[in-house]
Amino acid sequence: MNKKISLGLALSLIAIASAVTFILTSFFSLQSFNTKVVDVNEKAKKYNSLQSLDSYVRENFLGNIDENKLSDGILKGYISGLDDKYSKFLSEEEYLEEQSEDEGQLVGLGLTLDADESGYIRIANIMSESPVQEAGLRVGDIITIIDGVDVLNAGFDESVEAMRGIEGSEIKLTVRRDGIDKDYTFTRRSMEVTTVSGKMLSETIGYIEISNFKKNTPQQFVETLERLTSNGAKAIIFDVRNNSGGMVDMLSDCLDPLLPEGVIATAEYKDGHSETLIYSDDTKLDIPMAVLVNKNTASAAELFAASLRDFGGAKLVGEKTYGKGVMQKTTEFGNNGAVVLTVAKYRTAVSECYDGVGLVPDVAAENDENADFDMQLQAAVDTISQEILY
């Protein structure tokens with residue numbers, strides 16, 4: 001049986017409901033307001049502390065203050081406070097240098113340097129068609145003096161920093177070979193970095209080494225891949241050992257000719273939304289593949305290896321990888337500098353993110369320093385040879 005209520009009771013119930021709604025709304029609004037006030041107060045404390053520190057330093061610091069360096073230092077300190085080893089603030093000079101590196105261009109002399117046991121600098125590698133190669137310098141030569149400053153007095157880090165400079169600028173080096181010193185004057189210039197190289201290991205097995213992923217990597221990769229397949233490669237070994245990664249954006253063009261159609265890898269952002277990082281069309285290379293990896297294989301190089309394993313059936317050979325599965329975004333900021341900030345995690349479309357974990361190889365293999373051949377490469381050759389169809 002239906003019960004009727006009086007108009008007065010109905011109005012009372014409506015009034016009570018409205019009051020409850022108002023109280024709840026006010027409560028949560030007050031909670032939000034209080035949270036914001038606390039947040040503002042906390043920020044005010046931080047900025048007041050910085051202002052107090054600035055006043056103290058300006059009153060008491062004995063040296064001169066470079067305002068540009070001070071500004072960069074404050075911004076660097078903020079990002080450093082995030083305690084994220086991949087995020088950083090770049091000064092204008094550092095940002096320009098990183099942009100050049102991302103393009104696959106290097107401004108300098110074309111040298112890779114190591115600390116020598118003597119305390120001087122040893123030339124570890126020389127780029128082809130570089131100023132130092134043209135001058136006849138060799139791997140193993142020792143750099144003792146840079147622009148009139150003895151390396152022993154300046155220290156290794158300061159001396160390496162002194163090697164940097166803008167295109168067209170000159171640098172004077174004293175180089176020691178077999179105990180004899182010789183003076184050289186070089187002009188720094190821009191050189192294209194070769195990130196991909198390849199060769200045939202046998203009549204049927206091709207080998208492609210990728211040292212980094214830069215903007216010029218896809219073109220070099222595709223050209224190398226086409227050359228090897230045209231030369232009869234029925235299987236390919238990709239070598240990303242000691243590849244620290246680089247630009248994840250460059251992976252699509254490298255993986256597209258190798259893998260079947262579909263989404264290969266995705267990135268997940270702070271707000272929970274996902275974006276496609278790597279997509280492949282319906283053209284694929286249907287031959288056996290293996291990927292050489294080690295503990296220094298990181299970031300984009302790991303995603304390259306994981307994608308080939310998950311979608312191309314490639315075997316990973318070598319050692320467990322570094323484990324960097326987070327992506328950074330570079331944004332111009334302030335006085336022509338830039339912020340490099342970790343913004344997302346990424347993974348292949350079928351596997352979990354490997355950040356902090358790494359990729360475990362299908363075929364474990366280590367290199368012996370005393371061996372006169374590449375044991376990991378041999379393990380990859382043995383693995384892939386079993387899959388070749390003749």
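Values computed for the structure shown
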item	result
Residue 129 being of a type in the set (Asp, Glu), at positive phi, open to solvent by 40 Å² or more (accessible area, probe 1.4 Å) and at pLDDT below 85	yes
Residue match in the stretch 91-109 (condition: open to solvent by 80 Å² or more (accessible area, probe 1.4 Å) and modelled with pLDDT of 90 or more)	no
The stretch 110-125, residues that are of a type in the set (Phe, Trp, Tyr) and surrounded by fewer than 16 Cβ atoms within 10 Å (Cβ to Cβ)	none
Tally, over the stretch 355-390, of residues that are among the charged types (D, E, K, R), more than 20 Å from residue 204 (Cα to Cα) and under 29 Å from the mean Cα position of the chain (by Cα)	5
Complete set of residues in the stretch 330-350 that are of a type outside the set (A, V, I, L, M, F, W, C) and at pLDDT 95 or above	342, 345, 346, 347, 348
Filter result (among the charged types (D, E, K, R) and part of a loop (DSSP other than H, G, I, E, B)) within the stretch 215-236	215, 234
Which listed residue is surrounded by 10 or more Cβ atoms within 10 Å (Cβ to Cβ), modelled with pLDDT of 85 or more, part of a helix (DSSP H, G or I) and more than 34 Å from the chain's Cα centre (by Cα), from 26, 18, 52, 32	52
Residues of the stretch 243-262 that turn out to be under 22 Å from residue 358 (Cβ atoms) and in a helix (DSSP H, G or I), as a count	5
Yes/no for residue 285 being farther than 27 Å from residue 357 by Cα and either part of a loop (DSSP other than H, G, I, E, B) or modelled with pLDDT under 95 (or both)	yes
Output for the stretch 290-313, where each listed residue is crowded, with 24+ Cβ neighbours inside 10 Å and outside any helix (DSSP H, G or I)	290, 291, 292, 293, 297, 299
Scope the stretch 326-339; condition in contact with a Lys or Arg (Cβ under 6 Å, 6 or more places away or on another chain) and either of a type in the set (Lys, Arg) or open to solvent by less than 10 Å² (accessible area, probe 1.4 Å) (or both); matching residues	none
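Here is a yes/no grid of residues against (1) open to solvent by 20 Å² or more (accessible area, probe 1.4 Å); (2) farther than 30 Å from residue 248 by Cα; (3) in a strand (DSSP E or B); (4) in contact with a helix residue (DSSP H, G or I) (Cβ under 6 Å, 6 or more places away or on another chain):
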| site | (1), (2), (3), (4) |
| --- | --- |
| 138 | yes, yes, no, no |
| 152 | yes, yes, no, no |
| 161 | yes, no, no, no |
| 174 | no, yes, yes, no |
| 183 | yes, yes, yes, no |
| 190 | yes, no, yes, no |
| 197 | yes, no, yes, no |
| 202 | yes, yes, no, no |
| 206 | no, no, yes, yes |
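The values are calculated or read from the model by the stated rules, or taken from the named source; none is laboratory data. In this text the structure is predicted, and so the values were computed from the model without any measurement. We place every Cβ from the backbone using ideal geometry, glycine too, and count neighbours over all the protein chains shown. Protein only, heavy atoms only, side chains kept; ligands, DNA and RNA dropped before computing areas. Shrake-Rupley method; radii C 1.70, N 1.55, O 1.52, S 1.80 Å.
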